[in-house]
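Q: Below you will find the structure I want to go over with you.
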Ligand SMILES: Nc1ncnc2c1ncn2[C@@H]1O[C@H](COP(=O)(O)OP(=O)(O)OP(=O)(O)O)[C@@H](O)[C@H]1O
Ligand SMILES: [Mg+2]
């Protein structure tokens, strides 16, 4: 991907209403559609309070979820991937919170903050083993920030990782 082009064009928001539950299903299908035959169990839990229609930047929300879920699949060979979607209220602002938890290779503590830097992968041997550019999380964090949210991670080496993405919820007023 052309990084300079990304810099110029993708820092603007395009807010409109869209079906968030359909988006989650799309992302699940793309990333986990062929996990059935694998040693990975995928589960998705969506809190009843999460609205079907929301107002946000659909393409950016999708891009973040695609990267988090495809990372979980890429770095997990067996066990489970659990995705949880819920709401969080902070003062007058509502957030949608998406957690993606896996039982994959995990991340060393000293590498956790560097993951969000452009072109950074946890170590160079992994680059060879798993491919990718190391741009995914950097772009995801840029988008999360634009959406009024954040991405954080907790992980234990050899045990698994949990990424939490939140963004501001604007309800569709219809
Ligand atoms: N779920 C995860 N489990 C273990 N390590 C992870 C996980 N997600 C990310 N990482 C580590 O963080 C690094 C950066 O992730 P990022 O998504 O930015 O890049 P990538 O997946 O390697 O490449 P790209 O997303 O550009 O295809 C990964 O290379 C990997 O070392
Ligand atoms: Mg990635």
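Only the coordinates and a few stated rules stand behind these numbers; no lab work does. Remember, it's a predicted structure, so these values are computed and weren't measured experimentally. As a convention, Cβ positions derive from the backbone with ideal geometry for all residues, glycine included, and neighbour counts pool all protein chains shown.
Q: Compute the separation of the alpha-carbon centres of the stretch 77-107 and the stretch 7-59 and state it in Å as a whole number.
A: Distance between centres, Cα-based: 12 Å.
Q: How far apart, in nanometres, would the label points at residue 34 and residue 118 be if each is projected 7 angstrom from Cα along the Cα-to-Cβ direction?
A: Roughly 3.2 nm, to one decimal.
Q: Is it possible to state the helix-based mean residue ellipticity at 222 nm for the chain, with each DSSP H run of 4+ residues giving -39500 (n - 2.57), the sum divided by total residues, to the nearest 500 deg cm²/dmol? What is it?
A: -9500 deg cm²/dmol
Q: Roughly what % antiparallel, to the nearest 5, for the DSSP beta bridges in the stretch 15-171?
A: 80
Q: Express in nm, to one decimal, how much length is gained between residue 89 and residue 59 on full extension, taking 0.36 nm for each residue of separation and deducting their alpha carbon distance.
A: This chain segment gains 8.4 nm when fully extended.
Q: If you don't mind, there's one more thing I want to ask. I'd like the orientation of helix 136-146 relative to the chain: the angle between its Cα long axis and the longest Cα principal axis, in ° from 0 to 90, rounded to 10.
A: Helix 136-146 and the main axis of the chain meet at about 20 degrees.
Q: Test of understanding: in a Gaussian network model of the chain with alpha carbons linked when under 10 Å, which of 78, 144, 39 would top the mean-square fluctuation ranking?
A: Comparing 78, 144, 39 in the GNM, the peak value goes to 39.
Q: Another question, then. Please give the helix 58-74 orientation as an angle from the longest Cα principal axis of the chain, in degrees from 0 to 90, rounded to the nearest 10.
A: With rounding to tens, the tilt is 20 degrees.
Q: What do you get for the angle between helix 20-32 and the principal long axis of the chain? Use alpha-carbon atoms, 0 to 90 degrees, nearest ten.
A: Its long axis makes an angle of about 10 degrees.
Q: Stokes-Einstein at 10 °C, 1.306 mPa s, Kirkwood radius from Cα pairs: D for the stretch 15-171 in µm² s⁻¹?
A: The Stokes-Einstein estimate is 100 µm²/s.
Q: Same structure again: Please give the contour-minus-distance gain from residue 152 to residue 168: 0.36 nm per residue of separation, less the Cα-Cα distance, rounded to one decimal in nm.
A: 4.2 nm
Q: Then there's this: Taking 0.36 nm per residue of separation and subtracting the Cα-Cα distance, what length does fully extending residue 12 through residue 47 add?
A: That pair, residue 12 and residue 47, stretches by 9.6 nm at full extension.
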